[in-house]
1. Can you sort SER330, SER280 by 1.4 Å-probe accessible area, starting with the largest?
2. Assign unit charges at the C-beta atoms only (+1 for Lys and Arg, -1 for Asp and Glu), then state the dipole size of the stretch 280-346 relative to its Cα centre in Debye, rounded to the nearest 20.
3. With a 1.4 Å probe and all protein chains left in place, how much of the accessible area of the stretch 3-166 comes from carbon and sulfur atoms, in whole percent?
4. Please compute the modelled spin-label separation between GLU476 and ASP399, points set 7 Å along Cα→Cβ, answer in nm with one decimal.
5. Return the subset of LYS175/LYS263; LYS216/LYS260; LYS168/LYS262 for which the Cα-Cα distance in this structure is over 28 Å, preserving the input order.
6. As an exercise, use a Förster radius of 51 Å and the Cβ-Cβ distance of THR53 and GLN368 to find the FRET efficiency, rounded to the nearest 0.05.
7. Ordering SER86, SER276 by how much accessible area each has at a 1.4 Å probe, largest first, what is the list?
8. By average Cβ neighbour count within 10 Å, what is the ranking of 281-292, 455-466, 12-23 from highest down?
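The values are calculated or read from the model by the stated rules, or taken from the named source; none is laboratory data. Since this is a predicted model, take the numbers as computed values, not measurements. Quick reminder, even Gly has a Cβ in these numbers, built from the backbone with ideal geometry, and neighbours come from all protein chains shown. Keep in mind that these areas ignore ligands, DNA and RNA; they rest on the heavy atoms of the full protein, side chains included. Shrake-Rupley method; radii C 1.70, N 1.55, O 1.52, S 1.80 Å.
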Amino acid sequence: MTALTLSTAAVPGLRADAIVVGVAKGTNGPVVAPGAEAVDAAYDGGLADVLETLGATGAEGEVTKLPAPAGFKAPLILAVGLGAESEKDAGYGSEALRRAAGVAARALFGAKKAAFALPLTEAADAGAVGEGALLGAYSFDAYKENGKDAKGRGGKAPLADVVLLGGKPRDRAYKAAVDRAVAVGEELNRARDLINMPPNDLNPAAFAAIAQDAAKLHGLKIQVLDEKALTKGGYGGILGVGSGSASAPRLVKLSYTSSKAKKHLALVGKGITYDSGGISLKPAGHNETMKCDMSGAAAVFATVVAAARLGLEVNVTGWLALAENMPSGSAVRPGDVLRMFSGKTVEVLNTDAEGRLVLADALWAASQEKPDAIVDVATLTGAMMLALGNRTFGIMANDDAFRGAVHEAATEVGEDSWPMPLPEHLRKGMDSPVADIANMGERMGGGLVAGLFLREFVGEGITWAHLDIAGPAFNEGGPFGYTPKGGTGSAVRTLVRLAELAASGELS
Ligand code: BES
Ligand code: MN
Ligand code: ZN
């Protein structure tokens, strides 16, 4: 794991493999961002010209490497693009810094230690650079054990040491920002590990066991309902989805409580460890990445642990609805009717609409404790990907103000999201001749139909939001910013922010 420290060391004497500086897009070519003064001085104030000669423009995502000037202990200067030059003293914005730090960290695979001299105007900027560096320095090597060469990217390991320059190591706000970046960065990376883990190893019982280990480590309360307990409790949705698999389902309740808590936030995650579609089998081309269908549960898990590590003054209960959706002789069939934990009956018309079935039981279970709010997170529909693309999650809610608050929180932490409606007229498409509701409705607006289905399983009077992260949860393209290929850890930062807002009484 990458270590993160604040330092006031002078750049020339700093022992590191690289010094990272920022370069922005000015009106007349690249400009060197604040933080790089000492480096620029060593080039007699000509660093921008040198960078321009090397082809740098300051565009976001751009990396320019140059040998360090004479007298520097570090051999390499790495200039990372920040995008448009900041207006006077306006700063560069947390997300621009986070992305630039992520790009630099990715360009420094194989290096051990790097000092980041990026423009910091406040403590939050140090947190953003730290977070970006930790998230960029991520690789998933657990299944590449055939010698060192197979580790990391192209045989190279991620940065071991990140030093943040330009901050105030003795300032409490800066220290807190770095501690927060470490907790969020590490837990988010752990969520990525879970998502990237192959489904033959991460089945519901294995996920529950990992949660149990984390609970012990962080002093969390945990309750794991296995198939026997689920049967006894009447969790027909989770049992129905899990019935086709040789690996039985689980419902995990993970609780972090603070003696100073005034609010209780419940988080519910879709944890389908593999979604084959079931009897309504997905065709080839649609199932290769379906190990990512537990990304919601991974995000919820990471958030509860991060809340505990940060000692937030709020109670956070995480519900992980874990099942594997497989076809078999014991699998749920299209036409089956399930009796859900809430008592409602559901006609299963398509076994590939399984996420809403496991979530329905977990939402109802979460509702029994009457939390101040429930937020569920799920890779729920392909329709949401069609609507918003693969970098933006959709937000639905039973309360417009709460939906707005979630959108605002996501934007604040640099996650792309967009508010979506729950049009009442789409409800009748789920009317069933035999049950209270069907698990499928109109094809058009499929993401909203799923949201309307979930709404029926939220307890009366409880504020609820639903995040459909099907798009951003898993990156099938190349890495960008601080986002690697594969599991991204989507929604973790938004959920942590929501927990912080609940702790400070700023969440409705
Ligand atoms: N897990 C999928 C949704 C998904 C698709 C997530 C692609 C990530 C990438 C979900 O269980 C599913 O299969 N949804 C169906 C619902 C339909 C049958 C009503 C879908 O979106 O096609
Ligand atoms: Mn499915
Ligand atoms: Zn699914």
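1. Values: SER330 70, SER280 30 Å².
Putting SER330, SER280 in descending order of accessible area: SER330, SER280.
2. Numbers: 6 positive and 5 negative charges, 32 e Å.
That gives a dipole near 160 debye.
3. Working: 3550 of 7110 Å².
Answer for the stretch 3-166 is 50 percent, counting heavy atoms of protein chains only.
4. Label-label distance for ASP399 and GLU476, simple model: 3.7 nm.
5. Values: LYS175/LYS263 26 Å; LYS216/LYS260 21 Å; LYS168/LYS262 32 Å.
Beyond 28 Å between Cα atoms: LYS168/LYS262.
6. Numbers: r = 66 Å, r/R0 = 1.29.
Computed FRET efficiency for THR53 and GLN368 comes out at 0.20.
7. Values: SER86 30, SER276 10 Å².
Putting SER86, SER276 in descending order of accessible area: SER86, SER276.
8. Details: 281-292: 14.2, 455-466: 19.6, 12-23: 22.0.
Peptide ranking by packing, descending: 12-23, 455-466, 281-292.
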